[in-house]
Each structure stands twice: as structure tokens, then as C-alpha cells.
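Encoded as C-alpha cells, the structure appears first; notes follow it.
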Amino acid sequence: MIKFLFPILASIIFFTGCNSNKKSLIKVEGNAQGTTYHISYLSDDEVNHKTAIDSLLKEIDASMSTWLPGSIISRINNNDNSVVVDQYFIDVFNKSLEVSEKTDGLFDVTVGPLVNSWGFGFTKKATLDSTTIDSLLHFVGYKMLKLEGNKIIKAKPEIKIDFNAIAQGYTVDVLANYLESKGIDNYLVELGGELKAKGKKENENWKVGIDKPDEKATSERKLEAVINLNNKALATSGNYRKFYEESGQKFSHIIDPRTGYPAKQDLLSATVIADDGITADAYATAFMVMGLKKSIRFLEDNKDLKLEVYFIYDDNGNLKTYASESLKKWIKELH
């Protein structure tokens, strides 16, 4: 329920064959958060964990889905002062503020009013002009939020939180942690295109395909590159799947919190590899707002984050790619 409309920007590549360790390959899939999930893991006991996984997904929705009126985030957005946040919410809230600080506010979960007004939230698209957008910007700013104990304090009642750019990455982490708690150390978890992998399959690293940008939702998807993923998480954000056209203009779902308008940059997609999904997801969105040059500069200035990136960008009408140096040995470009 958190993301919708063509959210899968990375494709899983599966291989067949007999497993040399004689473990069973279990596949679990379903619908969640307005998209689909696919989980594969090697099991000694052949236990299918779908029931527990679906239960975890419902718990996370009850915490952070703006599409559920009774969720924690919806009640906070509607100024219910009695609501107490759970650990899911606290984890995502704290990480959101951390990334906001690092990016000087280019990542900001208070863009909720703008996301809704532009028609990418759970409300009907508003009629927007520069005056309306300027007025909405008064309610955007992560510094107007704080966590006191187990309650969220908003500086202004009009502030609305939107975890869309980070919640699915976090959900992947929760599911991966659950599998590890069951002694599973070879798995690939995917939800809405965000992934986390550990161990191997068929004595090889898990392989993940990155889509070639294509705005035609019905077209056959083509891969731009294949990445070997092991003990890492991957998230991709792009402006070519979730958008609409109006009066000949294209409006992307990624909102620039500085201007209030959909981000217009040369980046077509940003794939980020990190130790956890929550980090990868948040920075993938932030880089789409930054654009290519600023993102590369950010990575140079913040090497402590240990992020790997694969960018697809538009260079005067030509599709080009950029990969961080240490990622190149794990990636195979297909063009």
C-alpha cells in the first residue's frame, strides 16, 4: 500500500539446476504495499514461511501505510495526539532524519502534502499553481518533526509524513532479518523492486537485472545491466515508470522538497547498493533529486557511507551510464 503504479525497477534473474548442498529452494510470493513481493531461500527443513511473512507485512502496513486510515502514520497525519508509535515507525523515522541531515533536506519525508497535491498520494490531484505550491512549502521541512519518547511532535498541524521513499527498503530488511532468525543464510528478498541478498544460489551470487529506462509501461522490459549481489541490499529509483502527462508536460512522482515541483534532472534511474535496504532506498530517491553531478560529488564527500551506485542518465538525448569504481567488477552491462 505504500507504493503503486509500475514500481519494479529492478528484475530478479533466476537460475535453475540442482543445488550442490542438497538444500531445497523455497519460493514465496504475494501482494503487499500496492505491489508484489518475491522471496527465494535455501532451506534445510523445507518450511514455507509465507504465513509469517504476510503477517509481518500487515504489521508494517498498520504502522506506515498512508492508504490505511487507521494506521499509525495516518493518525499522526490527521493530528491524533493519542497515537503511540511502534518500533517500525521509530526505525524509519530516525533513519529518515539521518538521511535528511546528510543530504541537506533533499530527502524529506514531510513532502506528504506535495505528493498528494501532485496526484501521487492517496488523495485526488489538486489544481496547482505557483501560489498553492508556495503555500504548501510552509509545511515541508524535516526539522519541524521530532520524536519525544514514543510520540511524534509536529511543529504545524498541516505537516503530513510520507514514508514512500524509504518504507519498502526497510520492509525488505525486516523480512531478511526474519529469515536469518530462522537460520536461513542463503536468500533473496524482493519487494517492489527493492532487494536484499545473502549467501549464494547454485554456488553463485544472486544476480539482479537493472531495467533499461522505458516510459512505455506495456513494452517488453529490457535489461541495461546485471549486478552480482551478495550480503548487500539494492534499491532503484527512477522517473520513467511513475509519472503522468498533462498539457504536454511530464510530471514525475519524485518531488523536490526545495521547490515543491517534481524533480527535473538528467538522471533517469539511480540504483544504490548498501548494507541495508532502508539506506539504499532513501539515497536512491535523494540522488534522483540531486541529479548526476551533485550525486557523484556527494559520494566523493561521503565515502564513509560506503554506497555503491549505478546511474542511468540522459546526455543530450543519449542514454549513458555511470558506475562507482568498486562496483564495476560486480556488474555486467548489456549494451
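So that you can scan it fast, the table gives a plain yes or no per residue for (1) in a loop (DSSP other than H, G, I, E, B); (2) of a type in the set (Ser, Thr, Tyr); (3) in contact with a Pro (Cβ under 9 Å, 6 or more places away or on another chain); (4) within 25 Å of Glu29 (Cα to Cα):
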site: His138; (1), (2), (3), (4): no, no, no, no
site: Ile159; (1), (2), (3), (4): yes, no, yes, no
site: Glu180; (1), (2), (3), (4): no, no, no, yes
site: Leu188; (1), (2), (3), (4): no, no, no, yes
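Listed here are the residues, each with its yes/no results for (1) touching a Ser or Thr at 6+ places or on another chain (Cβ under 9 Å); (2) under 18 Å from Asn150 (Cβ atoms); (3) not in a helix (DSSP H, G or I); (4) not polar (S, T, N, Q).
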position	(1), (2), (3), (4)
Ala62	yes, yes, no, yes
Arg75	yes, yes, no, yes
Asn79	no, yes, yes, no
Val84	no, yes, yes, yes
Phe89	yes, yes, no, yes
Lys95	yes, yes, no, yes
Val99	yes, no, no, yes
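Could you tell me how many of the residues in the range 144-197 are modelled with pLDDT of 95 or more, among the charged types (D, E, K, R), open to solvent by 10 Å² or more (accessible area, probe 1.4 Å) and within 14 Å of the chain's Cα centre (by Cα)?
2
Return yes when Lys23 is among the basic types (Lys, Arg) and buried (at least 18 other Cβ atoms within 10 Å of the Cβ) and no when it is not.
For Lys23, the condition - among the basic types (Lys, Arg) and buried (at least 18 other Cβ atoms within 10 Å of the Cβ) - is not met.
Of all residues being more than 20 Å from Ile161 (Cβ to Cβ), surrounded by fewer than 17 Cβ atoms within 10 Å (Cβ to Cβ) and not polar (S, T, N, Q) in the range 227-260, which is modelled with the lowest pLDDT? Just the residue, please.
Here the residue is Tyr244.
Would you pick out the residues in the range 198-215 that are charged (D, E, K, R) and at pLDDT below 85?
Hits for the range 198-215 are Lys201, Glu202, Asp211, Lys212, Asp214, Glu215.
Which ones in the range 125-143 are open to solvent by less than 40 Å² (accessible area, probe 1.4 Å) and modelled with pLDDT of 85 or more?
Result: Leu136, Val140, Gly141, Tyr142.
If the Cβ limit is 7 Å and pairs must be 6+ apart or interchain, which residue in the range 146-173 that is touching a residue at least 40 places away in the same chain (Cβ under 8 Å) pairs with which residue that is assigned to a loop (DSSP other than H, G, I, E, B) and exposed (fewer than 14 other Cβ atoms within 10 Å of the Cβ)?
Asn150/Val84; Lys151/Val84; Pro157/Asn79
Which one of Thr51, Thr36 is open to solvent by 30 Å² or more (accessible area, probe 1.4 Å) and without any contact (Cβ under 8 Å) to a residue 60 or more places away in the chain?
Thr51
The values are calculated or read from the model by the stated rules, or taken from the named source; none is laboratory data. For clarity, every value in this text was computed on a predicted model and none was experimentally measured. Note that we place each Cβ from the backbone using ideal geometry, even for glycine, and neighbour counts take in every protein chain shown. We work out accessible area using only protein heavy atoms, side chains counted, and drop any ligands, DNA or RNA first. Shrake-Rupley method; radii C 1.70, N 1.55, O 1.52, S 1.80 Å.
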